[in-house]
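Visitor: Sharing a structure, written as structure tokens. Questions coming.
The values are calculated or read from the model by the stated rules, or taken from the named source; none is laboratory data. These numbers come from a predicted model, not from an experiment. Neighbour counts are summed over all protein chains in view; Cβ atoms, including those assigned to glycine, are modelled from backbone coordinates with ideal geometry.
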Amino acid sequence: MMQHYTEKIKEIAKRLFEEEKIDIFIGYEKGTNPFFPRPTLISKIEDVNKLIWNSNCALNLCNYLTGRKERIGIIANGCTSRSIVTHILENQIKREQLYIVGIPCEGMLDYRKIQAAVDNKEILEIKENEKEFKVIGDGFEEAFNKEDFLQENCLACTHPNPVIYDEIIAEPVSTRAARPEYEDIKEIEEMPIEKRRFHIQKLLERCIRCYACRNVCPLCYCPTCFVDERIPWFGKSIDPTDTLTFHILRAFHCAGRCTDCGACERVCPVGIPIRIFIKKLNKDAFEIFSWEAGLSLEQKPLFAAYKKDDYDDFL
Amino acid sequence: MYKLFKKEDFINSLYKIKDYKIFVPAKEGYYHFFSPLEKGISPDFSFFNTRLSPKSIIYPQSERMFEFSLNKEDPDAFILKEAEKEFPLQAIIGIRPCDAHAFQIVKKNFDNPDYKDPWWTKRYENTTFIGLGCNNPRNTCFCTKVGGGPFSEIGLDAIMYDLGENFLIKVLTDKGSLFLKKIEGGKEAEETHIKQAEKIKKEAEAKIKTDIEIEALLKKGILQVFEADIWEEISFPCINCGICTYLCPTCWCFDIQDEVYKDKGDRIRNWDSCMFPIFTLHASGHNPRAEKFRRVRQRFMHKLKYYPEKYHDGVQCSGCGRCIIACPTNMDIREIANKMSKI
């Protein structure tokens, strides 16, 4: 199936170049790390054969669209397509510039779980078919069911199919979760306040403020991030309060905009479950305003819309 | 001089050492980190390498350098006073040879005839480096191409060979000898142990298969590489986060910030990263590295061209491979070095 997807993507990209519908195509290519295929910008028709798709293509390619001027072909699964909608609504890219190649998504693999399952042996190659994948290293080979190794956000995914596209490469897949699930957030909400603070600070203890979570996020396109102000208004060290401030404030900036693609958590070099911060705000947006980000171009952004009966108990 | 320890005895006696602060590799969640050996921490020497390099043990990510008072009534108002610090004797147990080598590279910046960083040098001098050779280097390792090796002794006070049930320890310096005297239960190694160790070392070196072309790159002219038209394409995937620089054992850049609360302040030194736009932002508003490709180029030029040109002693990289493993977009220094060398 993945092989089929890859061939299909190459075919479409080739056709788009031939028909002169696009100037560039954004997708993934095979690199040297099987868990992190490399985002690639194709500008010549002869390079389309570099394109691939597999269950580790788990960044959010919308991140590469911000402010571009060309006519762009781009592959997008459910969460990426929703981020593209958000990008269009927020005037970061124009719909007319894009040729969106929709990918029905079966979910992405959690490489940390896979590494743990092979006792941290070095994995050099991954082969996959529809239901299974095989990891191959120096002198070992092991097969697993995909279902047992999906990322947490994919297990809870409510929109695996692209919500916006010009062409879709396969039949839509069935949706895993009917409605968003927030059990992990409820657990934290129910903690007494002191325990909650301790719990969250403990999660962030290893943060090195590399900002990979921010930079990999398509929502974080501010020309100057609040942590990069030349006259800082909070500390830049790894003091726990400052680190916490960064994560909480970043989450607030993403309220009502996050599509839970999970890229922030995937790239964290120290394994912080970063999703929980924005997920709390996704939960509030859903429960209070029945809102999920990026579902349609007709829907005004959450904070740009006003209804008389909006929740206002906090006033 | 070689000594042989049963692994169990070695680990148990680490807990009894009171006059050194001891750092060991320990697993936390999915990754290994160097942690101070205290109650609840179990050393785990069956690791590949720690997720973060041990550089912060000598060079903390955030360090209070000075303190000051802004209260005009205070006789010392506006005068920077060195912050009080402790420099305990410490030992890093199980540091990989690439990471020990990295401290020697960083030393050129913090401890040289022109400049001596007082805090880096004091911590460095108080640290004993007990290395653990790599029986199984990985595909991402290229220490042998940058002047090191899986059993390199550069920058180490002693090196451990993992012989299964035992650690064979080769003592390399007086510092190492002094520390190892504190470990109970060792005995003289026999010839067979030393032979076994030599075999492991040879096999490990043979396992490193990498095609990184350092020699060819060193011969290229700086401007030729700087001006080459490869950088836009190379830098496309990069998201300009700080993972590579912060995980790197040889990246040493820092930023200085004053933090004030009411009328007291601290002058703090934090790690900084050439990947961040603010790294080079001038007070005028001009930024000589405003575009991503300039920042990506800087990182690789510094490691592979400027450093060699300045110090004439190899590249600013010890081949640990952390940046390759952890980069979210697979920026691979080996591939980039090869592109640079083929210009």
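Yes or no, residue by residue, for (1) within 13 Å of chain B (Cβ to nearest Cβ); (2) of a type outside the set (Val, Ile, Thr); (3) closer than 19 Å to A:Val270 by Cβ; (4) surrounded by 19 or more Cβ atoms within 10 Å (Cβ to Cβ):
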| position | (1), (2), (3), (4) |
| --- | --- |
| A:Cys207 | yes, yes, yes, yes |
| A:Phe226 | yes, yes, no, no |
| A:Pro232 | yes, yes, no, no |
| A:Leu249 | no, yes, no, no |
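Visitor: While we're looking at this one, here's another question. What residue, among those in segment B:61-73 that are part of a loop (DSSP other than H, G, I, E, B) and either basic (Lys, Arg) or within 14 Å of another protein chain (Cβ to nearest Cβ) (or both), is nearest to the chain's Cα centre (by Cα)?
Guide: Step one: of segment B:61-73, the residues part of a loop (DSSP other than H, G, I, E, B) are B:61, B:70-73.
Next, only the ones that are either basic (Lys, Arg) or within 14 Å of another protein chain (Cβ to nearest Cβ) (or both) stay: B:61, B:72.
On the way: B:Gln61: 12, B:Lys72: 43 Å.
Going through the qualifying residues, I end up with B:Gln61.
Visitor: Which residue pairs have Cβ atoms closer than 6 Å, lie 6 or more positions apart in sequence or on different chains, and pair a first residue in segment A:51-72 that is under 15 Å from A:Glu29 (Cβ atoms) with a second residue that is modelled with pLDDT of 95 or more and of a type in the set (Ser, Thr, Tyr)?
Guide: A:Ile52/A:Thr6; A:Ile52/A:Tyr28; A:Trp53/A:Tyr5; A:Trp53/A:Thr6; A:Cys57/A:Tyr28; A:Leu61/A:Thr80
Visitor: List pairs: first residue in segment A:1-26 and at negative phi, second residue among the basic types (Lys, Arg) and in a helix (DSSP H, G or I) anywhere in the structure, Cβ distance under 9 angstrom, at least six positions apart or on different chains.
Guide: Between residues of segment A:1-26 that are at negative phi and residues that are among the basic types (Lys, Arg) and in a helix (DSSP H, G or I), the close pairs are A:Lys10/A:Lys50; A:Lys21/A:Arg15.
Visitor: Need a quick list: strands (runs of 3 or more DSSP E) entirely within segment A:69-172 having at least 1 residues that are not assigned by TED's automatic domain parsing to the domain that holds A:Ile45.
Guide: A:125-128, A:132-137, A:140-145
Visitor: Additional query: I need every pair where a residue in segment A:29-44 that is within 9 Å of chain B (Cβ to nearest Cβ) and of a type in the set (Val, Ile, Thr) has its Cβ under 6 Å from the Cβ of a residue that is in a loop (DSSP other than H, G, I, E, B) and crowded, with 17+ Cβ neighbours inside 10 Å, sequence separation at least 6 or different chains.
Guide: Correct list of pairs: A:Thr32/B:Asp332.
Visitor: Do you know which residues across segment B:247-276 are more than 18 Å from A:Gly235 (Cα to Cα) and facing chain A (nearest Cβ under 8 Å)?
Guide: B:Leu247
Visitor: Select from segment B:305-332 the residues that are in contact with a Leu (Cβ under 8 Å, 6 or more places away or on another chain) and within 21 Å of B:Pro137 (Cα to Cα) and write down the one among them that is nearest to the other protein chains (Cβ to nearest Cβ).
Guide: Of segment B:305-332, the ones in contact with a Leu (Cβ under 8 Å, 6 or more places away or on another chain) are B:305, B:308, B:315-317, B:322-323, B:326, B:328-329.
If we keep only those that are within 21 Å of B:Pro137 (Cα to Cα) as well, we get B:315-317, B:322-323, B:326.
Working: B:Val315: 19, B:Gln316: 19, B:Cys317: 16, B:Arg322: 9, B:Cys323: 10, B:Ala326: 5 Å.
Only one residue tops the list, namely B:Ala326.
Visitor: Tell me which of these A:Gln151 doesn't satisfy, since it passes every other one: (1) more than 19 Å from the chain's Cα centre (by Cα); (2) among the polar types (S, T, N, Q); (3) within 14 Å of chain B (Cβ to nearest Cβ).
Guide: A:Gln151 satisfies all of (1) more than 19 Å from the chain's Cα centre (by Cα); (2) among the polar types (S, T, N, Q); (3) within 14 Å of chain B (Cβ to nearest Cβ) except (1).
Visitor: Which of (1) closer than 15 Å to A:Ser55 by Cα; (2) within 14 Å of chain B (Cβ to nearest Cβ); (3) in contact with a strand residue (DSSP E or B) (Cβ under 8 Å, 6 or more places away or on another chain) is the odd one out, the single condition A:Tyr111 does not satisfy?
Guide: Only one criterion is unmet by A:Tyr111, namely (3).
Visitor: Within the bounds of segment B:101-108, is there any residue that is among the charged types (D, E, K, R), part of a loop (DSSP other than H, G, I, E, B) and either under 25 Å from A:Pro240 (Cβ atoms) or more than 14 Å from chain A (Cβ to nearest Cβ) (or both)?
Guide: Taking segment B:101-108 and keeping what is among the charged types (D, E, K, R), we get B:107-108.
Add one more test, that the residue is part of a loop (DSSP other than H, G, I, E, B), and what stays is none.
Checked against the condition, which is being among the charged types (D, E, K, R), part of a loop (DSSP other than H, G, I, E, B) and either under 25 Å from A:Pro240 (Cβ atoms) or more than 14 Å from chain A (Cβ to nearest Cβ) (or both), segment B:101-108 yields no hits at all.
Visitor: Which is basic (Lys, Arg) and touching a strand residue (DSSP E or B) at 6+ places or on another chain (Cβ under 8 Å), of B:Lys199, B:Lys182, B:Lys187, B:Lys195? So that I can check it myself, show each step before the final result.
Guide: On the way: B:Lys199 fails: touching a strand residue (DSSP E or B) at 6+ places or on another chain (Cβ under 8 Å); B:Lys182 fails: touching a strand residue (DSSP E or B) at 6+ places or on another chain (Cβ under 8 Å); B:Lys195 fails: touching a strand residue (DSSP E or B) at 6+ places or on another chain (Cβ under 8 Å).
Step by step, each of B:Lys199, B:Lys182, B:Lys187, B:Lys195 is checked, and only B:Lys187 is basic (Lys, Arg) and touching a strand residue (DSSP E or B) at 6+ places or on another chain (Cβ under 8 Å).
Visitor: Kindly indicate which of B:Thr128, B:Thr121 is hydroxyl-bearing (Ser, Thr, Tyr) and over 25 Å from B:Asp266 (Cβ atoms).
Guide: Numbers: B:Thr121 fails: over 25 Å from B:Asp266 (Cβ atoms).
Residue meeting the stated conditions: B:Thr128.
Visitor: Are there strands (runs of 3 or more DSSP E) fully within segment B:118-200 with at least 1 residues that are in contact with a His (Cβ under 7 Å, 6 or more places away or on another chain)? List them. Talk me through it step by step, then tell me what you get.
Guide: On the way: elements: B:127-132, B:158-162, B:166-171.
Strands (runs of 3 or more DSSP E) meeting the threshold: B:166-171.
Visitor: I'm trying to understand the selection: among the residues of segment B:26-60, which are within 11 Å of chain A (Cβ to nearest Cβ) and in a helix (DSSP H, G or I)?
Guide: Selection gives B:Ser56 alone.
Visitor: While we're looking at this one, here's another question. Kindly provide the set of residues from segment A:251-271 that are touching a helix residue (DSSP H, G or I) at 6+ places or on another chain (Cβ under 6 Å), within 14 Å of chain B (Cβ to nearest Cβ) and either among the hydroxyl-bearing types (Ser, Thr, Tyr) or assigned to a helix (DSSP H, G or I) (or both), ordered by number.
Guide: Correct list: A:Cys264, A:Glu265, A:Val267.
Visitor: Let me ask something else. Hey, could you check segment A:45-84 for residues that are of a type in the set (Ser, Thr, Tyr) and within 18 Å of A:Leu297 (Cα to Cα) and say which is farthest from the other protein chains (Cβ to nearest Cβ)? Even if it seems obvious, please write down each step before you answer.
Guide: Step one: filter segment A:45-84 for residues of a type in the set (Ser, Thr, Tyr), giving A:55, A:64, A:66, A:80-81, A:83.
From what's left, within 18 Å of A:Leu297 (Cα to Cα): A:66, A:80-81, A:83.
Values: A:Thr66: 11, A:Thr80: 15, A:Ser81: 20, A:Ser83: 15 Å.
Checked segment A:45-84; the qualifying residue farthest from the other protein chains (Cβ to nearest Cβ) is A:Ser81.
Visitor: Now for a separate question. Please enumerate the residues belonging to segment A:132-148 that are surrounded by fewer than 15 Cβ atoms within 10 Å (Cβ to Cβ), away from chain B (no Cβ under 14 Å) and among the hydrophobic types (A, V, I, L, M, F, W, C).
Guide: If the condition is that a residue be surrounded by fewer than 15 Cβ atoms within 10 Å (Cβ to Cβ), away from chain B (no Cβ under 14 Å) and among the hydrophobic types (A, V, I, L, M, F, W, C), then A:Ala143 is the only one that fits.
Visitor: Say we look at segment A:17-28 and pick out the residues that are more than 14 Å from chain B (Cβ to nearest Cβ) and not in a loop (DSSP other than H, G, I, E, B); which of these is farthest from A:Lys127 (Cα to Cα)? Give the steps one after another, and end with the answer.
Guide: Within segment A:17-28, the first condition is being more than 14 Å from chain B (Cβ to nearest Cβ), and the residues that meet it are A:17-23.
Filter again for not in a loop (DSSP other than H, G, I, E, B), leaving A:17-18.
Working: A:Phe17: 29, A:Glu18: 31 Å.
Top of the filtered list is A:Glu18.
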